[in-house]
1. For a Förster distance of 25 Å, can you work out the FRET efficiency between the beta-carbons of residue 53 and residue 255, rounded to the nearest 0.05?
2. Once each part is reduced to its C-alpha centroid, what is the distance from the stretch 125-167 to the stretch 19-60 in angstrom?
3. Given Cβ point charges of +1 (Lys, Arg) and -1 (Asp, Glu) and nothing else, what value in debye, to the nearest 20, does the dipole of the chain about its Cα centre take?
4. Evaluate the distance, in nm, between pseudo-label points positioned 7 Å from the Cα of residue 262 and of residue 187 along their respective Cα→Cβ axes.
5. Which FRET efficiency value, to the nearest 0.05, is calculated for residue 154 and residue 41 with the Förster distance at 41 angstrom and r the Cβ-Cβ distance?
6. Take peptides 301-308, 283-290, 106-113 and line them up by average Cβ neighbours within 10 Å, highest first, as a rough protection proxy.
7. Once each part is reduced to its C-alpha centroid, what is the distance from the stretch 212-236 to the stretch 188-202 in angstrom?
8. Would you compute, from DSSP H runs of 4+ residues alone, the mean residue ellipticity of the chain at 222 nm, taking -39500 (n - 2.57) per run and dividing by the full residue count, rounded to the nearest 500?
Amino acid sequence: MKTFIDALPKVELHCHIEGTFEPELMFKLAQRNGVDLPYDSIESLREAYQFTRLQDFLDIYYQGMNVLQTEQDFFDLTWKYLEKSHQQNVRHSEIFFDPQGHLPRGVSFSTVVNGISEALKQAQTEFGMTSELIMCFLRHLDEQDAMDTLEAARPYKDLIVGVGLDSSELGHPPSKFERVFTLARAQGYKCVAHAGEEGPSQYVREAIELLQVDRIDHGNNALDDPQLIRELAQTKLPLTVCPLSNTRLCVVDSMEDHPIKKMLDHGLRATVNSDDPAYFGGYMNENYYAIVDSLNLGKEDIITLAKNSIESTFTTQQRKQDLLEELSHYASNH
Ligand code: HPA
Ligand code: ZN
């Protein structure tokens, strides 16, 4: 099964570029930029990656991104992720970035977006790998801050396919950003939101009804509401599920208890993703291995998950068609 997963043509829909920051690169860039890290070695930094909830992780995640300063830094970060993903046969990726993690530090929007975008262009040329960018709003900050960020993105609209909502979920419901999402949608952005990771099923409902999202990021706790399950099964609204993230952040007790199999059984459009692979112990393949091992998934389930991802992309109809054909060819030959 491992070799089947390795060579499977995959699509990733939920990966924070700042969450792909491996300690080796972090130390290298810290030295290049003359930034002091509060860890004396790569090992001691890795040892700090012990989380009992989302906020534990976020504190370390924001600390790590302080190292990123120049366009070259954002290029290097993105390029490492793309090389790794290409090795794992990821054919298309829709990548989150957090402008509000950078703008207040004096790093300009153009530095961030241009650095990331140059790497995406190079991956298309060198690997034939395609991608899209999704700008996330940090939900622990206020509505006006998100509005200002949407405005700052205006000159870069052509490089950004959608907007999302991430950071500390509890106490920051989707309703807080209803007006921002209404504006973003009117400007032509696709909309997604993290919901039901630590927050209740009500947050998933708000994301759907108030933010009118095109996908839900995580969505685990939607399973607490039978009516919501029926609606998700009917609308096929995609869920971008992140198995290793969920166990590392103690959102689920163990991989054996992971809800992704139940989601498939209910007919929900669940997909597999890595979230913050440098922090949670694995990229796309490792996430697939984890659920296959713990939930006894078969090849049919894996193909369903891979197909769900393709059908949930924000790419062109042509690219979607090509990816579906590549998958279908793979499925019939393996
Ligand atoms: N949840 C919320 N915010 C995030 C995450 C996550 O898993 N990763 C990066 N920002
Ligand atoms: Zn996430």
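1. Once rounded, the FRET efficiency stands at 0.90.
2. 24 Å
3. 840 debye
4. 3.8 nm
5. Values: r = 42 Å, r/R0 = 1.03.
It comes to 0.45.
6. 283-290, 301-308, 106-113
7. When both Cα centres are located, 10 Å separates them.
8. Numbers: 16 runs with 167 residues, N = 334.
Value at 222 nm, helices only, nearest 500: -15000 deg cm²/dmol.
The values are calculated or read from the model by the stated rules, or taken from the named source; none is laboratory data. Remember, predicted model here, so these are calculated numbers, not experimental data. Glycine gets a Cβ as well: all are built from the backbone with ideal geometry, and neighbour counts include every protein chain shown. Protein only, heavy atoms only, side chains kept; ligands, DNA and RNA dropped before computing areas. Shrake-Rupley method; radii C 1.70, N 1.55, O 1.52, S 1.80 Å.
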